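*Asks:* Below is a structure I'd like to ask you about.
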Amino acid sequence: MSVVSAPERTEAVTVSTPVGNEPIIEVKGLKMYFPISEGVVFTRKVAEVKAVDGISFHIRKGETFGLVGESGCGKTTTGRCILQLEQATEGQIFFEGVNIAELDRRELNALRQKIQVIFQDPYSSLNPRMKIGDIIGEPMRVHGIEPDADKRQARVSELLSICGLDPKFADRYPHEMSGGQRQRVGIGRALALNPEFIICDEPVSALDVSIQAQVINLLEDLRDEFGLTYLFIAHDLSVVRHLCHRVAVMYLGKIVELAECDELYDNPIHPYTQALLAAVPVPDPEIESKREHTVMKGEVPSPINPPSGCVFHPRCPLAVEGCRSVVPELREIKPGHWVACTEV
Amino acid sequence: MAKLLELEDLKTQFFTTAGTVKAVDGVSYDVEKGETVGIVGESGCGKSVSALSILRLIPDPPGKIVGGKILFMGRNLLELSDVEIRKVRGHDIAMVFQEPMTSLNPVLTIGRQITETLEHHLGIEREEADARAVELLGLVGISDAERRLKQYPHHFSGGMRQRVMIAMALSCEPRLIIADEPTTALDVTIQAQILELMKDLTRRLGVALIIITHNLGVVARYADRVNVMYAGKIVEKGTARQIYHNPSHPYTLGLLASVPRLDHKRGTKLVPIVGQPPDLTLLDQGCAFRPRCRFAVERCTREIPPLEEVGDGQYSACWQKDKLSQPVRAAS
């Protein structure tokens, strides 16, 4: 009987986006230090928050690259640096081979059409006084893509339907919509300029469980349809595994492990990655009863005064004396699998 | 076995300008001594309101418990006077809230917040309470307790604050702890620390635990029995194994198929539940899940399905439950 068929999960990999070889984004030695100042008249810098501390990675065209880690690890700051919302302290960011720090304002504006962002909070990222149609139409107006109001409106309707919303929503205000619908509007706005690259900063973490899957599937469909490249920033490791081709794990401003998605989850090598994965419960009591629930001790130290040597050493089960002084380099342990640990 | 807590047909409603919200609409469940019961559901399904109703913490107005019984060790909590229920709160039944940032008083030291409960409920002297507070912080894994007790909540990280909340909850040796989304605001590794701590302490001290969460993984890892709530009602209940391996309500089935799992390969297809949770002021005489249900038939629009046993202590509120569970059983 067709009515009773349970929603079986297909094990087959359905993602069909071809991933190219040439990098669309290349981040080299990125550092972002935020100064902490003291004094009103003679302001002086007393310390620095090392939000991002020398990370390098590249993202290939058509690829979804996951950046995971706990709060304060620097994943969002990395995204903001790529968007040029922060001026990096050190390091370079190349978009299609061009160093974006060297662009003048006009060139940067042109670049901003190609790089868009979807924010975490669908409540604060939409202007409550603007209608949905104006929110989605604004980027086109600002960039002079569609100066004609009627054509712009038609494009807004099209974007709304692409994102699974009724075009009549264009006349509504954000407060009339649910969280999931608002997030679809945020996605529509990001698509308005036909970008090549979208930074998704925790796009589903504010949504309810049953709505999360809808938005995840939408992001996947759009990726396949428009050949988009995503930088997917999230703390939810299950969502990241579902969506990403390659994943980098961050801890206190550094990348500790980077590998192909399934390889990272099936064979985590860095002790932090292992602890992180062990902490995530799986919705299956049978499996859970067999898993070992070892808990990582301690908390993430302050990025103002990070531990010497390997930043993870105070919490690390494998730490030896040398870890206090030696900063581990990211090295390729297997083809494509990079780990920053001297003890593995 | 004697039930520690029994909810019978609990109804809590909010009278708002937009209409009457039936936040909890005829909910019955029980908790046995020392066991861990999970309540799962999405925001607005009534899981928190049902828990707050147990301790009569519903703001009135606009809210009101309009019907049902809450039997705690044989006593109906709804019939107690205000003075009597205050003796139950924090003493026999303690709560751990979601937001460790807002549930502690920012202008009192941590020590004072713990000793206040002790002095109030146990009537012990300040010095004895101080000593007990040191002991409690040690119990929840906060080192250097004497110094920490003199500090204020802003000196503590989120995880540490939640440990303080647990210490406060345990302070009067309650029979039952209600944890409302206790780890939702925390990072995964801290979440694991807090949940392991709660499991360890409740098992060791024989305290029963109601854990309210939207996270299916947390429930699978920690709960003995599970109640799934949707739109103010329990739609399915059973042991954790029954619920996860043999779901017999379309909503449970839908939830399980829609969450990405850590142990599933990349790109495994997710099957979302279509539509959105209903507006609780606009419910009709039919099943509230019907507009999103793939199995709905004509009867679902007319009558609300009752929660009925599908076998072996597992209950489902669905007209199609028999047709639903067979193929799943056969498949597993």
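*Asks:* Any residue that is under 20 Å from the mean Cα position of the chain (by Cα), in a strand (DSSP E or B) and surrounded by fewer than 18 Cβ atoms within 10 Å (Cβ to Cβ) - is there at least one of those in region B:79-102?
*Replies:* Looking for residues that are under 20 Å from the mean Cα position of the chain (by Cα), in a strand (DSSP E or B) and surrounded by fewer than 18 Cβ atoms within 10 Å (Cβ to Cβ), one finds none in region B:79-102, hence no.
*Asks:* Identify, by number, the condition in (1) farther than 27 Å from B:P277 by Cα; (2) loosely packed, with under 14 Cβ neighbours inside 10 Å that B:D9 doesn't meet.
*Replies:* (1)
*Asks:* Identify all residues within region B:294-309 that are in contact with a helix residue (DSSP H, G or I) (Cβ under 6 Å, 6 or more places away or on another chain) and within 11 Å of chain A (Cβ to nearest Cβ); write none if there are none.
*Replies:* B:F295, B:A296
*Asks:* A further question on this structure: Restricting attention to region B:167-201, report how many residues are within 26 Å of A:S238 (Cβ to Cβ) and either within 14 Å of chain A (Cβ to nearest Cβ) or more than 15 Å from the chain's Cα centre (by Cα) (or both).
*Replies:* Adding up the residues that qualify gives 20.
*Asks:* Now for a different question. Could you tell me how many of the residues in region A:261-290 are under 26 Å from B:M160 (Cβ atoms) and in a loop (DSSP other than H, G, I, E, B)?
*Replies:* Residues that pass the stated criteria total 3.
*Asks:* Has region B:310-326 got at least one residue that is facing chain A (nearest Cβ under 8 Å) and among the acidic types (D, E)?
*Replies:* Checking region B:310-326: not a single residue is facing chain A (nearest Cβ under 8 Å) and among the acidic types (D, E).
*Asks:* With respect to A:V247, is the statement that it is more than 30 Å from A:A110 (Cβ to Cβ), in a strand (DSSP E or B) and in contact (Cβ under 8 Å) with a residue 24 or more places away in the chain true? First the steps, then the outcome.
*Replies:* On the way: more than 30 Å from A:A110 (Cβ to Cβ): yes; in a strand (DSSP E or B): yes; in contact (Cβ under 8 Å) with a residue 24 or more places away in the chain: yes.
Yes: the conditions hold for A:V247.
*Asks:* May I ask you to say which residue of B:Q276, B:Q285 is more than 20 Å from the chain's Cα centre (by Cα), at pLDDT below 90 and more than 7 Å from chain A (Cβ to nearest Cβ)?
*Replies:* Sole residue among the options that is more than 20 Å from the chain's Cα centre (by Cα), at pLDDT below 90 and more than 7 Å from chain A (Cβ to nearest Cβ): B:Q285.
*Asks:* Oh, and also: Search region A:254-279 for residues being surrounded by 21 or more Cβ atoms within 10 Å (Cβ to Cβ) and aliphatic (A, V, I, L, M), and hand back the single one that is nearest to the other protein chains (Cβ to nearest Cβ).
*Replies:* Per the criteria, the residue is A:A279.
*Asks:* Among A:A154, A:A170, which is crowded, with 20+ Cβ neighbours inside 10 Å, of a type outside the set (S, T, N, Q) and more than 30 Å from A:Q274 (Cβ to Cβ)? Spell out the reasoning first.
*Replies:* Working: A:A154 fails: crowded, with 20+ Cβ neighbours inside 10 Å.
Of A:A154, A:A170, the one residue that is crowded, with 20+ Cβ neighbours inside 10 Å, of a type outside the set (S, T, N, Q) and more than 30 Å from A:Q274 (Cβ to Cβ) is A:A170.
*Asks:* Mind checking whether some residue in region B:245-258 is over 30 Å from A:C244 (Cα atoms) and surrounded by fewer than 18 Cβ atoms within 10 Å (Cβ to Cβ)?
*Replies:* No, region B:245-258 contains no residue that is over 30 Å from A:C244 (Cα atoms) and surrounded by fewer than 18 Cβ atoms within 10 Å (Cβ to Cβ).
*Asks:* Please work out if B:A220 is facing chain A (nearest Cβ under 10 Å), over 13 Å from the mean Cα position of the chain (by Cα) and farther than 22 Å from B:M165 by Cα.
*Replies:* Yes: the conditions hold for B:A220.
*Asks:* Moving on to the next point. (1) surrounded by 18 or more Cβ atoms within 10 Å (Cβ to Cβ); (2) not in a helix (DSSP H, G or I): which one isn't true of A:I145, the others all being true?
*Replies:* A:I145 satisfies all of (1) surrounded by 18 or more Cβ atoms within 10 Å (Cβ to Cβ); (2) not in a helix (DSSP H, G or I) except (1).
*Asks:* Moving on to the next point. Among the listed residues A:G137, A:G188, identify the single one that is closer than 24 Å to A:E63 by Cβ and assigned to a helix (DSSP H, G or I). Before you say what the answer is, go through the steps one by one.
*Replies:* Working: A:G137 fails: closer than 24 Å to A:E63 by Cβ.
Only one candidate qualifies: A:G188.
The values are calculated or read from the model by the stated rules, or taken from the named source; none is laboratory data. The model shown is predicted, which means the values in this text are computed figures rather than measured ones. FYI the Cβ positions are ideal-geometry reconstructions off the backbone, even for glycines, and counts take in every protein chain you see.
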